[in-house]
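Okay, structure first, notes after.
Since every read-out is calculated from the coordinates, none of them should be taken as a lab result. Values in this document were obtained by computation on a predicted structure and should not be read as measured data. Virtual Cβ from ideal backbone geometry, glycine too; neighbours counted across all protein chains shown.
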């Protein structure tokens, strides 16, 4: 089977699943063609996942397909973009039909979930890795950048943090847990839900935004730097799930929430006057701090005293 | 050095080299933002090059940077698109500064050559491979597809074929040759020139087009299939360079020209009435055959008799 047959056979379903309005020409020619409505811009992001670095070499292909697209789609959420399409560059050691069928099934499910049409790509032989490029559209001038945070804004997150990082010992088969604990944590790791609708709702509201992929502290550092402000985070306000507390304990859960990036939740800054309206529609949004003059990120304890980030057992894949 | 520093340090020059009109936001946020003029569509193509599969593991990083971008830009040429921007997903076993500096220099040179701005990407640790996604713009409805060839059209190519395939024994260090022979062949392999200007000139003229990446016969097969026509190729009309004839001999040169895809020349179909005008501006364009009713690709010998494609020593990397 050559690469063209591979692509056609296993990704036909994902390709057809979403006839996105903007897709003029999909897989099969030298390029895909996308159209944008007048007054909109194209948002583009590229991410690579390498076996043994970003996911276990022998992991479930269905779960990998889901996760790979979710990770990329999350960058569209972070810009407030409406999903349009994606390309997949898949490098495989061999053309294993079972693996491909499962991978395509996971990819397709997440593609439907995110309203992203597969419009092209490349299939090559080599050590297992995936590069996805996602495309979205956003009204000109309304994309959510990292650089717009203003002194006085609130710092918010889109929901509970740390579950995916906490799930790593389960992902790697190093620990076990009861299903009611293991399942929600593993689901968060393997099929993170890109906060696309929240991102679109933040257009015209949030002053800065990103998706948490490097960990809350590191990513808040990116906002602080791009916006030339300081961010203060109240550690007690960072939302943790019951499953993560039960599995990892309070302290370790906090370390996962501050340092782990695999949840792909949004973090954003918001003028205080807009909070009530936003939370009415998005009850999971939580205020975790505020924007100050200065630079860098400062963590505060329960008594609002500056503390160093807790160190310890956070496991990086 | 982390991935962010890597990207910033080595690719800053390439990023800044072309402030393409369409680039609203480049590297540094969750997505890049591109704008399109009214009435234009976005052309997108993704290609992966894997070490040991598509290029020698130990090859010169400067040449690899040049070649990787040229290969991708050629897909824009094939659609008649005007180059806009690209993303680079680079997977490296280690952060070797010398290698990165040379690779970035080659990439930047080809980026300037092709008027492509680097707008984003990803740098990851793993076995060496590159995935480039290129973006171009094309007036709505004017993209050159594979599917428009009509009975009676001429089959043309953008210039001499086979040099890059013929260069493989030189690339792999299996043979040597005098500089006046080796240099043009190696140049064709390492820095193929995407026929971007020719592609744009073919808008509104060519009925079908692609860039020859799988080899002339295989790629003509793609046009025939997409257009539901037959293509006839006069073997004697396929243009061969003097260097290739000298290095490989007539018969082997022909095998390279028919089967080798590394030249990245355009192949296209053209109504006969448009040929003289086109050749006035593009003297390297050569008619090599014609479009007939039917299916598949037929090779003709010097006496216009159908023959099987010559088989033999063509070396695939």
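Brief remarks on what is shown
- Rounded, prolate or oblate (a/c below 1.5 giving rounded, otherwise prolate when a/b exceeds b/c) for the range B:188-300 by Cα gyration tensor: oblate
- Sequence of A:62, B:135 once ranked by neighbouring C-beta atoms within 10 Å, starting from the fewest: A:62, B:135
- Relative contact order %, the range A:137-204, counting alpha carbon pairs below 8 Å whose residues are six or more apart: 39
- Between the C-alpha center of the range B:106-149 and that of the range A:17-63 there is a gap of 15 Å.
- Inter-copy separations for residue A:246, label at 7 Å along Cα-Cβ, nm, ascending: 7.8
- Note on the range B:3-139: Rg/Rh from C-alpha atoms, Kirkwood Rh, equals 0.96.
- Approximate spin-label separation residue A:172-residue A:57, in nm, with each point projected 7 Å along Cα-to-Cβ: 1.5
- Global geometry of chain A, whether rounded, prolate or oblate, following the gyration tensor of its Cα atoms and the 1.5 cut on a/c: oblate
- A helix-only calculation puts the protein assembly as shown at -11000 deg cm²/dmol for mean residue ellipticity at 222 nm, using -39500 (n - 2.57) for each DSSP H run of at least four residues, averaged over all residues.
- With label points defined 7 Å past Cα in the direction of Cβ, position residue B:280 shows copy-to-copy spacings of 6.8 nm, given to one decimal and shortest first.
- Overall form of the protein assembly as shown per C-alpha gyration tensor (a/c, 1.5; a/b vs b/c): prolate
- DSSP bridge pairs, the protein assembly as shown: antiparallel proportion in percent, nearest 5: 75
- Placing a label point 7 Å from Cα along the Cα-to-Cβ axis, residue A:310 is separated from the same position in the other copies by 7.4 nm, shortest listed first.
- Most simply put, chain A has about 75% antiparallel DSSP beta bridges, counting only bridges with both residues inside it.
- Fraction of antiparallel bridges per DSSP, the range B:154-307 only, in percent to nearest 5: 80
- Spatially, the range B:246-317 and the range A:172-197 are offset by 55 Å when compared through their Cα centroids.
- By the count of other C-beta atoms within 10 Å, a proxy for reagent exposure, B:94, A:74 are ordered fewest to most as B:94, A:74.
- Neighbour counting of Cβ atoms within 10 Å sorts the residues A:33, B:107, A:100, fewest neighbours leading, into A:100, A:33, B:107.
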